[in-house]
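Participant: Next up is a structure, given as structure tokens.
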Amino acid sequence: MFVLKKKKMKLPVLVLAVLLLVTSLSGCGGAPAQNTDVEVFSSETSSRTTVRERMRRQLERQKAAQESSGSSQSGEDSKAPASSGSKESSGAPAAGAETEEKLQVGPGLEDIAQLIGLKAGVEISIRDCAVDVDEGENPYDVTWDYGKLYDTFVQEVDWDLLFDGDYYIQTFPGLAHLYHKDKALLLKHFQTVGIHEGRQGCKDFNVAAYQKNCDARIQEAFGDSYECYYFYYAMNQKTQKKIVTTGSEKKQLTTKLTRMQQKELDMINQYREEMGVAPLEYDAELSALACYRAYIDALEDWDAHDWLKADENQDEVNWIINMIGANLWGENTVHGYQRTREYALMQGPFTAWYINYRYSQSHYDAMVAEKYHYVGSANCYVSDYIKENPDYPNANAVYIHFDVFVPKLTTPTHS
């Protein structure tokens, strides 16, 4: 468990109290979690993979895949994005074998109401909650797939009416930091996760304002299924463009969690209930920063909390703390070291992080600490691991998870 306190100084000197939780599972057997108390004022950078080296390996892998015969990019055992119509991860109705010709896509209330209650694969399947930072279209986050029906509606909308990349980056800086400000990927986030959460995607359309001012028939049809209001407004511009869509309402109304994140939150709050402590509130920006911690450790072969301790990262660390308006940052992490990335992708998503933390006293203390009021959790991040680490000489891959805790913050959902 790691705790970082914000100091009121022109040039902050960060005193880091660190407890490292490292799980080694290289090979068939598993080693017990290792815990070490460390107080650090500064830390030299350890040998690790640079971003340039990582990208070079990725390009080489993609080139090799293109030169191979019509097989898939990473083989049957590695994680690839699920196809839109796949049975396990599709959010489409049970009749998943229906052809696109039978999909009822239109601007009417009943047409759009078909989207109510759809579940994405990551809300159903733990396996889908892994991010392979070396493969796939989005190395930063999981893919939210709702199926062919939903995808078809997405294709029918003029998203310029609802989304502005610069506005989204400014409004949700934690998410933008995770996504490296990639506007194309942020648009996909908005089209799937964002509109389900009632996020404001541009200055001229706030879904809470539209919900309040639109016709009662629309409110009755959609209730609080925020995604439906975005589709209806964009697909019925002739009748809807005069409705007031701006105001003082929140810029994000709720938060969607993957199955992995929801289970982590439920178990942490169960532990807190057992101790008579108030439950933690989940925050989407904090969750994005937890994912960023897992991503950066996976990308550059950092171990445990070393990235936060390195001198060259202190400006970014302080920027993150200031960005969310926190005065204290605590984190728990698991790093699992494997012989192959394929095994890490198979093993990692099914690791019960909360159990690892439960049976380590300092990590458990962090989960149940009264001083913390907000939490964010990562999904499972997986990568090659080529750092020379004498503690794990057989490790060629790693899977990583983070929980982050703060006493207070200022974000679109909590202020």
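The values are calculated or read from the model by the stated rules, or taken from the named source; none is laboratory data. All values reported here derive from a predicted model rather than from experimental measurement. Note that we place each Cβ from the backbone using ideal geometry, even for glycine, and neighbour counts take in every protein chain shown. In case anyone asks, the SASA skips ligands and DNA or RNA and just uses the protein heavy atoms, side chains included. Shrake-Rupley method; radii C 1.70, N 1.55, O 1.52, S 1.80 Å.
Participant: Pull out a ≥ b ≥ c, the square roots of the eigenvalues of the alpha-carbon gyration tensor of region 306-406, then state rounded if a/c is under 1.5, prolate if not and a/b is larger than b/c, and oblate in the remaining case. The partial results should precede the final answer.
Facilitator: Details: a/c = 2.18, a/b = 1.42, b/c = 1.54.
Because a/c hits 1.5 or more and a/b fails to exceed b/c, region 306-406 counts as oblate.
Participant: Can you run phi through the Karplus equation (6.51, -1.76, 1.60; θ = phi - 60°) for region 400-415 and list ³J(HN,Hα) in whole Hz, with x for Gly and Pro?
Facilitator: So the J values, rounded to whole Hz, are 9, 9, 9, 10, 10, 10, 9, x, 8, 6, 10, 9, x, 9, 9, 9.
Participant: Ok, one more. Would you mind counting up the charge near Pro107? Only other residues with Cβ under 15 Å from its Cβ, with Lys and Arg at +1 and Asp and Glu at -1. Could you put the intermediate results ahead of the total?
Facilitator: Numbers: positive: Arg217, Lys238, Lys241; negative: Glu110, Asp111, Glu156, Asp158, Asp215, Glu227.
After counting each charged neighbour, the total is -3.
Participant: Rank Phe172, Phe350 by accessible area, highest first, at a 1.4 Å probe radius? Present the calculation step by step, with values, prior to reporting the outcome.
Facilitator: Numbers: Phe172 0, Phe350 135 Å².
Of Phe172, Phe350, the descending order of accessible area is Phe350, Phe172.
Participant: Could you sort His305, His414, His373 by their accessible area in this structure, using a 1.4 Å probe and putting the largest first?
Facilitator: Working: His305 0, His414 25, His373 95 Å².
Descending accessible area places them as His373, His414, His305.
Participant: By the gyration tensor of its Cα atoms, with a ≥ b ≥ c the square roots of the eigenvalues, what is the shape of region 100-237: rounded for a/c under 1.5, prolate for a/b over b/c, or oblate? Provide the component values of the computation, followed by the final result.
Facilitator: Values: a/c = 1.98, a/b = 1.31, b/c = 1.51.
It is oblate, given that a/c is not under 1.5 and a/b is not larger than b/c.
Participant: Among the listed pairs Lys148/Lys242; Lys148/Lys181; Lys263/Lys309; Lys183/Lys251; Lys183/Lys242, give every one whose C-alpha distance is greater than 23 Å. Walk me through the intermediate numbers first.
Facilitator: Numbers: Lys148/Lys242 31 Å; Lys148/Lys181 27 Å; Lys263/Lys309 29 Å; Lys183/Lys251 18 Å; Lys183/Lys242 28 Å.
Result: Lys148/Lys242; Lys148/Lys181; Lys263/Lys309; Lys183/Lys242 exceed 23 Å.
Participant: Not counting ligands, DNA or RNA, and with a 1.4 Å probe, what is Ile124's accessible surface area in Å² rounded to the nearest 10?
Facilitator: 80
Participant: Turning to a different aspect of this structure: Starting from the residue with the highest accessible area, list Ile126, Ile112 in decreasing order, probe 1.4 Å.
Facilitator: On the way: Ile126 35, Ile112 0 Å².
So the residues, ranked largest to smallest area, are Ile126, Ile112.
Participant: Is region 270-348 rounded, prolate or oblate when judged by the Cα gyration tensor, a ≥ b ≥ c being the square roots of its eigenvalues, rounded requiring a/c under 1.5 and prolate requiring a/b larger than b/c? Please list the in-between numbers first.
Facilitator: Numbers: a/c = 2.24, a/b = 1.16, b/c = 1.94.
Because a/c hits 1.5 or more and a/b fails to exceed b/c, region 270-348 counts as oblate.
Participant: Cα centroids of region 369-415 and region 287-303: how far apart, whole angstrom?
Facilitator: Result: 6 Å between the Cα centres.
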